1. For the range 44-67, give me the residue count where each residue is in a strand (DSSP E or B) and exposed (fewer than 10 other Cβ atoms within 10 Å of the Cβ).
2. Here is a check on your reading of the model: is Y10 aromatic (F, W, Y), surrounded by 12 or more Cβ atoms within 10 Å (Cβ to Cβ) and under 18 Å from D61 (Cα atoms)?
3. Which residue pairs have Cβ atoms under 9 Å apart, sit 6 or more places apart or on different chains, and have a first residue in the range 34-60 that is under 16 Å from A4 (Cβ atoms) and at pLDDT below 90 and a second that is β-branched (V, I, T) and not in a strand (DSSP E or B)?
4. Of the residues T14, T29, which is within 11 Å of I1 (Cα to Cα), touching a Gly at 6+ places or on another chain (Cβ under 9 Å) and outside any loop (DSSP other than H, G, I, E, B)?
5. Filtering the range 14-38 down to residues that are in contact with a helix residue (DSSP H, G or I) (Cβ under 6 Å, 6 or more places away or on another chain) and not aromatic (F, W, Y), which residue is surrounded by the fewest Cβ atoms within 10 Å (Cβ to Cβ)?
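The values are calculated or read from the model by the stated rules, or taken from the named source; none is laboratory data. This is a predicted model, so every value here is computed, not measured. Cβ sites come from the backbone with ideal geometry, for glycine too, and all protein chains shown count toward neighbours.
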Amino acid sequence: IMVAVRGNTYLYGTLRSYDQYGNIVLQDTVERVYYRQSYAEAARGLFLVRGQVISSMGRVDPQREHD
């Protein structure tokens with residue numbers, strides 16, 4: 001899934017768990033930060049995202065991820 005968090009940061013990973021507060025756990029996470037027309041990526045592994053910082057999230061088609 002793709003998770004948009006505050007700022008220009010997006011997290012891509014496999015959803016492993018969630019709780020009643022909207023916190024989620026992502027596995028094999030990649031953090032992508034956008035600046036103007038480009039972006040940088042960093043591998044983060046297992047990642048806990050607090051529900052308070054999530055702007056939106058959705059499923060990503062791996063075939064079209066870079067479009």
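1. So the count comes out to 2.
2. It is true that Y10 is aromatic (F, W, Y), surrounded by 12 or more Cβ atoms within 10 Å (Cβ to Cβ) and under 18 Å from D61 (Cα atoms).
3. V60/I1
4. T29
5. The selected residue is G22.
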